[in-house]
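Trainee: Would you mind keeping the following structure in view while I ask a few things?
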Amino acid sequence: MNGLDGIVVAETRLSEIDGAAGRLLVAGHPLEAARMRFEAVCALLWESAEPELGSARAAAFARLDDLGGALAMPHAIDALRAGMAQLSTRDEPSFLRQASAVTGAMAVLAAAWVRRAAGEPPVAPDPELPQAVDTLRMMQGKTPAPEAACALSTYLCSVSEHGMNASTFVARAVASTGAELVSAVVAGLSALEGPLHGGAPGPVLDMIDAIGIPERAEEWIERELAAGRRIMGMGHRVYRTRDPRAAVLEGALRDSGASNGERAALARVVEATAARLLAERHPDRPLEANVEFHTALLLEALGIPRGAFTAVFAVGRVAGWCAHVDEQRRSGRLIRPSSRYVGARPAA
Ligand code: COA
């Protein structure tokens, strides 16, 4: 009960997760449709025309100097949260304009943090480019290879929306009070930070580095499990199969031309060993790779620093948060569950 497992808190048209079959529908489309422009996924989720994210990126970049302090923060997600908190969409005339403003700003903030962390000046957006291409360009200071941009686009689309996950739930709870979109997005960012939600992919790479060679996987994972630690990138609250997004991201990595064969082979052994050892320990609770395992490998291959992985997740997931905020506003019902008091009472 403590984790609200299986409790339905909203009706949504945004996505459906079939945890037993390992299937995901986003706005009525199977996950395999993830190979579309990020703007097209936003349009599906926001029930709108394709948003003008290029002009939103340009508007956010124009304000970057105001956000200098935020971008100097050593953790990317702290920088995004602090930077985003300085924005306001109160004066935007429509939901579409509000959602575009925060979605464009997320890419600009994430890219500017990556540049600053590398000691490089920020790169201005090119409003004509699709969001995925420009995000990579603003991070790396050069136009990315089409295959790499396509891989990031697939990633952003794959993680754009995923049911009532923790960050979406808190974003909806904030929106249900009538709060502004930015407040809901900042709440979503805060929830995404933790390793049980969006903070796992950096630690997945730390694990693969620590294991180093396939022959060491079993011993390393056994030791972690014996110490009571969780294996990052494995297990999911809803899926009882391998997370279907894992296969999509594996395919994106293969097609990106950026895959390193030795690294990929090591990762395959780590995943298979972790799945086997977890199955031995939890025969009744399938624990297989989740989206974060293959996020780590894909973003690493694209040359994105691991400190920015959760921030890049937010660049995709913000589309879903915005859609849920809109849906919640339409429902108009305050989210206000109950608790059962188990504390002390005054003596009779
Ligand atoms: N490594 C080791 N054991 C794990 C595990 C993992 N990754 N995931 C779950 N378990 C174990 C739990 O310790 C628990 O064991 P117990 O019954 O002996 O106490 C059992 O499996 C059931 O897990 P539960 O706590 O009910 O799972 P959950 O639904 O609360 O957790 C996650 C889902 C994602 C939080 C969990 O699988 C996890 O912590 N994974 C690692 C972090 C991660 O990859 N996060 C990204 C999620 S997309």
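Trainee: How about the range 101-156: which trypsin sites (Lys or Arg not before Pro) there are in a DSSP loop, with at most 12 other Cβ atoms within 10 Å of their Cβ?
Mentor: Answer in residue order: Lys142.
Trainee: Would you mind checking which residues have amide H under 5 Å from Met234's amide H? H placed 1.01 Å from N; only 5 or more apart, or other chain.
Mentor: Asn290
Trainee: Moving on to the next point. Kirkwood hydrodynamic radius, the chain, all distinct C-alpha pairs: what's the number in Å?
Mentor: 20.7
Trainee: Which value in deg cm²/dmol, rounded to the nearest 500, describes the helix-derived mean residue ellipticity at 222 nm for the chain, given -39,500 (n - 2.57) per DSSP H run of n ≥ 4 and division by the residue count?
Mentor: Theoretical 222 nm ellipticity from helices: -17500 deg cm²/dmol.
Trainee: Defining a contact as two alpha carbons under 8 Å apart and six or more residues distant in sequence, what relative contact order in percent does the range 214-348 show?
Mentor: Result for the range 214-348 is 30 percent.
Trainee: Still on this model: Suppose a student asked you for the relative contact order of the chain, using Cα pairs under 8 Å spaced at least 6 residues apart; what percent would you report?
Mentor: 24
Trainee: Roll a 1.4 angstrom probe over the protein heavy atoms and tell me the percent of accessible area of the range 136-178 that is carbon or sulfur.
Mentor: 61
Trainee: In addition: What are the ³J(HN,Hα) couplings of the range 182-197, residue after residue, when phi is run through the Karplus curve with 6.51, -1.76, 1.60 and θ = phi - 60°? Round to Hz, x for glycine and proline.
Mentor: 4, 4, 5, 5, 5, 5, x, 4, 5, 6, 5, 4, x, x, 7, 10
Trainee: In whole Hz, with x marking every Gly and Pro, tabulate ³J(HN,Hα) for the range 278-294 from phi via Karplus 6.51 cos²θ - 1.76 cosθ + 1.60, θ = phi - 60°.
Mentor: The phi angles translate into 5, 5, 5, 7, 10, x, 9, 10, x, 10, 10, 5, 9, 4, 5, 4, 8 Hz.
Trainee: Another one. At a 1.4 Å probe radius, which order do His197, His75, His324 fall into by accessible area, largest first?
Mentor: Final ranking, largest accessible area leading: His75, His197, His324.
Trainee: Can you tell me the accessible area per residue over the chain, all protein chains present, probe 1.4 angstrom, in square angstrom?
Mentor: Per residue, the chain has 46 Å² of solvent-accessible surface.
Trainee: Given springs between every Cα pair under 10 Å in a Gaussian network model of the chain, which of Gly119, Gly303, Gly251 has the largest fluctuation?
Mentor: Largest GNM mean-square fluctuation: Gly119.
The values are calculated or read from the model by the stated rules, or taken from the named source; none is laboratory data. Fair warning: this is a prediction, and the values are worked out from it, not measured in the lab. We place every Cβ from the backbone using ideal geometry, glycine too, and count neighbours over all the protein chains shown. For the accessible areas, the whole protein counts, side chains as well, though only heavy atoms, and no ligand, DNA or RNA atoms are used. Shrake-Rupley method; radii C 1.70, N 1.55, O 1.52, S 1.80 Å.
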